[in-house]
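S.K.: Below you will find the structure I want to go over with you.
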Amino acid sequence: MNFNLTQIPERISKPRKSGITMVMDKGLSTEEAKNFLSISGPHVDIVKLGFGTSFVTPNLRDKIDVYASHDIPVYFGGTLFEAFLIRNQFDDYLNVCKEYGIKYMEVSDGSIDIPHAEKCGYIEKLTKYGTVLSEVGSKDAEHIIPPYKWIELMRAELNAGSSYVIAEAREAGTVGIYRGSGEVREGLVQEILTQIPEEKILWEAPQKSQQLYFIELIGCNVNLGNIAPSEVIALESMRLGLRGDTFHLFLNKKQSK
């Protein structure tokens, strides 16, 4: 850090397994990725090339190499996995990951229906080739999954080999663990946390209010995803109590008066 401040919460150092910030790249150019990492690189743990953008991104290999040069793993959005799967091209998906040196893979079923045992089978297969993140929750705002089912699905996917289960929210943060307004479904979240270890959950939280909720609930080392590249520094400041929303969160009350 640039100068000394007391009463700053301790962030787990990179490479870390919790306290993760996952950034969603929805179409940065190679030069934009370089500029982004020049300021935010120390605070980024994983980059997701959102939904199917990797299919149409020019100079894809060059951009992946930029992230690799900063020791930041990249993975393709779960929608791309589903696009391969619905076309019976699972082996092609695996070959593409190998071709581009992708060691992280997302298994999701937000756009297509996959029997859950089959989904867990794909997780098991992919763990032989890299780190698997699996997404739970529907992209359909009308499809409400009860808490017990979230827990059941998350537990099964972790047992199948997922390193993290992603709590679905889409890039807008208006489905899954959130209501259409973006408000957190607090009862759902808190019930999930009674059964699933917090360090194994990656909460998609694109909106500031959602990030704040999880920092207040779990602490500065909560796993947060779908963060916009332009919001990484602001998020890290909020994690450390250096933004108005969390200013008093980590202060020793006796010393702060």
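S.K.: Determine which member of the set Leu158, Leu212, Leu224 is within 18 Å of Gly110 (Cα to Cα) and of a type outside the set (Gly, Ala, Ser).
M.R.: Selected residue: Leu158, the only one of Leu158, Leu212, Leu224 that is within 18 Å of Gly110 (Cα to Cα) and of a type outside the set (Gly, Ala, Ser).
S.K.: Here's something else I'd like to know. Looking only at residues in segment 1-45 that are charged (D, E, K, R) and within 24 Å of Tyr164 (Cα to Cα), which one is nearest to the chain's Cα centre (by Cα)?
M.R.: The residue in question is Asp45.
S.K.: Pick from segment 206-221 the residues that are part of a loop (DSSP other than H, G, I, E, B) and modelled with pLDDT of 95 or more: which of them is surrounded by the most Cβ atoms within 10 Å (Cβ to Cβ)?
M.R.: Looking at the filtered set, the residue picked out is Cys220.
S.K.: Which ones in segment 96-127 are under 14 Å from Phe55 (Cα atoms) and free of Cβ contacts under 8 Å to residues at least 24 places away in the same chain?
M.R.: Within segment 96-127, Val96, Glu99 meet the criteria.
S.K.: Among residues belonging to segment 9-36 that are of a type in the set (S, T, N, Q) and in contact with a helix residue (DSSP H, G or I) (Cβ under 8 Å, 6 or more places away or on another chain), point out the one that is surrounded by the fewest Cβ atoms within 10 Å (Cβ to Cβ).
M.R.: Checking each candidate, the answer is Ser29.
S.K.: Go through (1) touching a Leu at 6+ places or on another chain (Cβ under 8 Å); (2) closer than 20 Å to Ala228 by Cβ; (3) hydrophobic (A, V, I, L, M, F, W, C) one by one and return the number of the condition Val56 breaks.
M.R.: For Val56, the failing item is (1).
S.K.: Suppose the filter is part of a helix (DSSP H, G or I) and of a type outside the set (Lys, Arg); does Asp71 pass it?
M.R.: Taking the combined requirement at face value, the residue does not satisfy it.
S.K.: Out of segment 18-36, which residues are within 22 Å of Gly77 (Cβ to Cβ), out of contact with any Asp or Glu (no Cβ under 6 Å at 6 or more places or on another chain) and in a loop (DSSP other than H, G, I, E, B)?
M.R.: Passing the criteria: Lys26, Gly27, Leu28, Ser29.
S.K.: Do you know which residues across segment 222-233 are assigned to a helix (DSSP H, G or I) and surrounded by 17 or more Cβ atoms within 10 Å (Cβ to Cβ)?
M.R.: Of everything in segment 222-233, those that are assigned to a helix (DSSP H, G or I) and surrounded by 17 or more Cβ atoms within 10 Å (Cβ to Cβ) turn out to be Pro229, Glu231, Val232.
The values are calculated or read from the model by the stated rules, or taken from the named source; none is laboratory data. Because the structure is a prediction, the values reported are computed rather than measured. Ideal geometry is used to build each Cβ from the backbone, glycine not excepted, and the neighbour counts take in all protein chains shown.
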